[in-house]
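Single-structure report; data block below.
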Amino acid sequence: MDPITIAIGTDHGGFRLKTALVTFLRDAGHDVNDLGCHSPDRVDYPDFAHKVCAEVIAGRARFGVLLCGTGVGMAIAANRHPEIRCAQASEATTARLTRAHNDANVIALGGRLIGEEAAFDILTAFLATKFEGGRHVARIAKLSPKEFA
Ligand code: RB5
């Protein structure tokens, strides 16, 4: 795929895996904006989720990658932003389908759940898959509670 800008952020639970992913994505030619954390010291995952989401929302990054121990806290925090569609994934099929069906713009990974090779496969699938559009467009519009009322 063409090189894109990707914002990445983690807490201490995903710090080690983030280091490997930054290298992997840069080696693939992407521009990676590493928003931290930058050491294994304990931090609060929402702080980094919101930093990464801000880059995606502003259009400075095409996609966001978030890591914490499970990826779940990051996904919860990211999805508080109405513009963000974030899926937690531990295998490539979820990553592919959340792009194809949900037009996900952020993916959350569990640094304590998966190894580097699995994470590489997940990101490769996520980045390679286009949103299918069609019937999924109206469903995504309904994600907003305002549309539901
Ligand atoms: C931190 O210990 C851990 O709670 C965090 O990384 C994450 O798994 C939360 O969802």
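Quick notes on this one:
- For region 25-40 versus region 94-117, the gap between their alpha-carbon centres in whole angstrom: 17
- Accessible area in the full protein assembly, largest first, 1.4 Å probe, for Arg80, Arg135: Arg80, Arg135
- Among Val72, Val56, Val43, the largest mean-square fluctuation in a Gaussian network model of the chain (Cα springs under 10 Å) belongs to Val43.
- Value of relative contact order over region 1-84, rounded to a whole percent, pairs C-alpha under 8 Å and six or more apart: 39
- Additional length obtainable on full extension of the chain from Arg16 to Ser90, 0.36 nm per residue less Cα span: 25.0 nm
- Around the amide H of Asn33, modelled in the peptide plane, lie the amide H atoms of Ile6, Ala7, Ile8, all under 5 Å away and 5 or more residues distant in sequence or on another chain.
- Rg(Cα)/(2.2 N^0.38 Å) for region 1-56, N = residue count: 1.11
- Under the Karplus curve 6.51 cos²θ - 1.76 cosθ + 1.60, θ = phi - 60°, whole-Hz ³J(HN,Hα) for region 18-31, x wherever Gly or Pro sits: 4, 4, 5, 6, 4, 5, 4, 5, 5, 4, 7, x, 7, 8
- Between Ala54 and His38, the simple label model (points 7 Å from Cα in the Cβ direction) yields a spacing of 1.6 nm.
- Helix axis angle, 45-57 relative to the chain longest principal axis, alpha carbon, degrees: 50
- Against the compact-protein benchmark of 2.2 N^0.38 Å, the Cα-based radius of gyration of region 81-149 scales to 1.19.
- Considering only Val106, Ala92, Gly36, and ranking their Cα positions along the charge dipole of region 4-106 that arises from unit charges at the beta-carbon of Lys, Arg, Asp and Glu, the one farthest toward the positive end is Ala92.
- Per residue, the accessible area of region 38-141 comes to 50 Å², computed with a 1.4 Å probe over protein heavy atoms only.
- Tilt relative to the chain, helix 116-128 - C-alpha long axis, 0 to 90 degrees, to 10: 30
- When +1 charges are put on Lys and Arg Cβ atoms and -1 charges on Asp and Glu Cβ atoms, the dipole computed for the chain relative to its Cα centre reaches about 480 debye.
- Dividing the mean sequence gap of close Cα pairs (under 8 Å, 6+ apart) by how many residues the chain holds gives a relative contact order of 24 percent.
- Available extension along the chain between Glu83 and Arg112 is 7.7 nm, counting 0.36 nm per residue and deducting the alpha carbon span.
- Global size of region 21-116 as Cα Rg and Dmax, reported in angstrom: 12.6, 36
- Probe 1.4 Å, all protein chains present, accessible-area order of His50, His136, largest first: His50, His136
The values are calculated or read from the model by the stated rules, or taken from the named source; none is laboratory data. Keep in mind the model is a prediction, meaning the values are calculated, not measured. Here Cβ is always computed from backbone atoms with ideal geometry, including for glycine, and neighbour counts include all displayed protein chains. Areas reflect the complete protein model, heavy atoms only, side chains present, ligands, DNA and RNA absent. Shrake-Rupley method; radii C 1.70, N 1.55, O 1.52, S 1.80 Å.
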